[in-house]
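First, the structure itself, so that you have it in front of you.
Bear in mind these aren't lab numbers, they're just calculated from the coordinates by the rules spelled out. In this text, all values refer to a predicted model and were calculated from it rather than measured experimentally. Note that each Cβ is placed from the backbone with ideal geometry, even for glycine, and that neighbours are counted across all protein chains shown.
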Amino acid sequence: MNLKNMWKKIIGIGLATMLSAIALVGCSSSETSTGSKENDSKTTEAPATESTLDKIKERGKLIVGVKYDLNLFGLKNPQTGEVEGFDIDIAKGLAKKILGDENKIELKEVTSKTRIPMLNNGEIDAIIATMTITEERKKEVDFSDVYFMAGQSLLVKKDSKINSIKDIKKGVTVLTAKGSTSAQNIREKAPEATVLEFENYAEAFTALKAGQGDALTTDNALLYGMAKQDPNYRVVDETFTEEPYGIAVRKGDQELLNVINEYLKELKASGEYDKIYEKWIGEKPKQ
Amino acid sequence: MLNYSILIEHWDMYMQGFTNTLKSSFLALISSLALGTIIAVFRIAPVRPLNWLGTAYVEFIRNIPLILIVFVFFVGLPTIGIRLDSFTAGTLGLTVYTAAFIAEVIRAGILAVPKGQMEAGRSSGLTYLQTMRYIILPQAIKMVIPPLGNQFINLVKNSSVLGVIAGLDLMYFGDLISSETFVTFDVYIFVAMFYLILTVPLSLGVGFLERRLARSR
């Protein structure tokens, strides 16, 4: 009998703590709305007094959010386990610029969906993940100068009749990734088409290969990577948007932003940029 | 406070998602109940090959992740020429998956009916199937209502798997709205509320049914 009562008590207390914990979480997150909980628990430094740049130097490494699933830009090589690509080379150069060593870097995987929340809660210092500079996003983060100029295009089957955005009419299904500008653009340029959005481009490409859509749309640079993987697909020649990629930092991180912009200028002046570009994209950057 | 303007501005998307989640759950519920019952009968029927078939189905399906099954329907079937849209593929995957669990629940219910019932039915001239249909199953149903209710609630929540294959359900639109507005917490709280609108009445309904059937026993 006694034992039973004790259990009842323990369970009661457990429930009460759980409920109050839920109530507390509810309060704190609705107050801050962007959810800076991570900040408080993970990084013990007071965020107001110390700049991100100082934090990076103190920590001795730069933490960058990059894609892990994008051929040519940020792709985890299954053989070596290393993440490789255009964005990665740019990130390493930045680590060299700030800390003097390109290996003083930690790469964290982000997706189009997670990158802004991860930046804002302090998990990463900067985003270098094929991120298009848009007015909407400028409200959330600060962008560097353009580090890559892309344009949206379409990936279709070799024998497809689609050769331009004009061929995307009613009844045509276009696949893309959730949270991308590509999704918004295609809805504007081809409002009649059916747009399906997937977790990432790898899944969208899988769906395309399974015949679940007629075309996949995103920036041409990424499409070239996919066409390289599977020669049954080709990239439509025309691009129908201009997508300037920028490096994103937390809003108000002016100091870090200045260093990044300075770095990008040096990179272009030294010819190093052209080398990285050619290494991954396979052609010289258009000027 | 929650940002209700998000709910109002994206009402259409929430509603479309809600409707599709409701549709998918409803269809999967009906068909998995039917399929699950058939498999349960297979498992206990006095025919060896049917036993094997039923056991193989249950052990195979319930021991792999739901998302894998859905992917088989979504990208696997097209390789042999059968193309299903994401909603259909998702709902089918959900049905196949849930049926394995329902089969186990119903089998347990049937086995809980005293053996004498079957013997009595058979000796009064009914066939095996007739005894099943008119004597065993009606008694078993009462016993399986609570665990079945659990499966149905799980089914509604599991329907969120459609979001991954662009099945236009609540979770899919939740993801879209969150990536459009850059608001994570509030958007998904609203998604959770819509799920509750489906699951809470379901569990209350199951509770009600349970009490009614208990009284009639």
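Let's test this: bin the Cα-Cα distances of region B:160-205 at 5 Å from zero up to the farthest pair and state each bin's percent.
Computed distribution, short to long bins: 6, 23, 24, 23, 14, 7, 3, 1.
Then there is this: Can you list the aspartates and glutamates whose alpha carbon sits under 16 Å from that of A:LYS166, skipping same-chain ones fewer than 8 residues off?
A:GLU188, A:GLU192, A:ASP214, A:ASP237, A:GLU238
Which of B:ALA34, B:MET1, B:LEU168 sits closest to the plus end of the dipole of chain B, meaning its Cα is farthest towards the positive end, when Lys and Arg get +1 and Asp and Glu get -1 on the C-beta?
Checked the options; the winner is B:ALA34.
Continuing with the same structure: Where a ≥ b ≥ c are the square roots of the eigenvalues of the C-alpha gyration tensor, would you call region A:181-271 rounded, which needs a/c under 1.5, or, failing that, prolate if a/b is larger than b/c, or oblate?
Working: a/c = 2.47, a/b = 1.87, b/c = 1.32.
Here region A:181-271 falls in the prolate category.
Could you tell me how many degrees, from 0 to 90 and to the nearest 10, lie between the Cα long axis of helix B:86-112 and the main elongation axis, the longest principal axis, of the Cα atoms of chain B?
Long axis of B:86-112 versus the principal axis of chain B: about 30 degrees.
Quick one: angle between helix B:185-216 and the longest Cα principal axis of chain B, in degrees between 0 and 90, rounded to 10, please.
20 degrees
Need the full-extension length gain, B:ILE67 to B:LEU53, defined as separation in residues times 0.36 nm minus the C-alpha distance. One decimal, nm.
Here the segment from B:ILE67 to B:LEU53 would lengthen by 2.7 nm.
Dipole of region A:152-235, Cα-centred, from +1 at each Lys and Arg C-beta and -1 at each Asp and Glu C-beta, to the nearest 20 debye?
280 debye
Another question, if that's okay. Of all the Cα-Cα pairs you can form in region B:31-115, what percent are over 20 Å apart?
So the portion of pairs separated by more than 20 Å is 39 percent.
Beyond 22 Å, how much of the Cα-Cα pair distribution for chain B remains, as a whole percent? Write out the running numbers ahead of the final one.
On the way: 13585 of 23436 pairs.
Tail fraction, whole percent: 58.
Right, here's the next one. Picking from B:VAL96, B:PRO46, B:VAL113, whose Cα lies most toward the positive end of the charge dipole for region B:32-120 (charges on Cβ: Lys, Arg +1; Asp, Glu -1)?
B:PRO46
Please report the net charge: other residues with Cβ closer than 11 Å to the Cβ of A:SER144, K and R +1, D and E -1.
Taking every Cβ under 11 Å from that of A:SER144, the sum is -3.
By how many degrees, 0 to 90 and rounded to 10, does the Cα axis of helix B:170-181 deviate from the longest principal axis of chain B?
Relative to chain B, helix B:170-181 is tipped by roughly 10 degrees.
Counting pairs of alpha carbon atoms under 8 Å apart in space and at least six apart in sequence, what relative contact order in percent does region A:152-235 give? Please report the intermediate quantities before stating the final value.
Values: 145 pairs, mean separation 35.1, N = 84.
After rounding, I find 42 percent.
For each pair in A:LYS61/A:LYS97; A:LYS67/A:LYS228; A:LYS97/A:LYS228; A:LYS55/A:LYS97; A:LYS55/A:LYS96; A:LYS139/A:LYS275, compute the distance between the two Cα atoms and list the pairs where it is over 23 Å.
Pairs exceeding 23 Å: A:LYS97/A:LYS228; A:LYS139/A:LYS275.
Once the dipole of region B:4-216 is set up with Lys and Arg at +1 and Asp and Glu at -1 on Cβ about the Cα centre, which of B:VAL200, B:PRO138, B:GLY81 lies farthest towards its positive end?
So the residue we want is B:PRO138.
Quick check on the protein assembly as shown: what does the Kirkwood estimate of hydrodynamic radius come out to from the alpha carbon pairs, in Å? Each step should come with its number before you reach the end.
On the way: mean 1/r = 0.0379 Å⁻¹.
After inverting the pairwise mean of 1/r, the radius is 26.4 Å.
Quick check for me: using +1 on Lys/Arg Cβ and -1 on Asp/Glu Cβ, what's the dipole size of the protein assembly as shown about its Cα centre, in debye to the nearest 20?
Using Cβ point charges on Lys, Arg, Asp and Glu, the protein assembly as shown gives about 2900 debye.
Moving on. Let's see if you can work this out: charge +1 on each Lys and Arg Cβ, -1 on each Asp and Glu Cβ, no other charges. What is the dipole magnitude of chain B about its Cα centre, in debye to the nearest 20?
Result for chain B is approximately 1380 debye, rounded to the nearest 20.
Using a Förster radius of 41 Å, what is the FRET efficiency between B:ARG122 and B:ILE30 based on their Cβ-Cβ separation? Nearest 0.05, please.
Given R0 = 41 Å and the Cβ-Cβ separation, E is 0.85.
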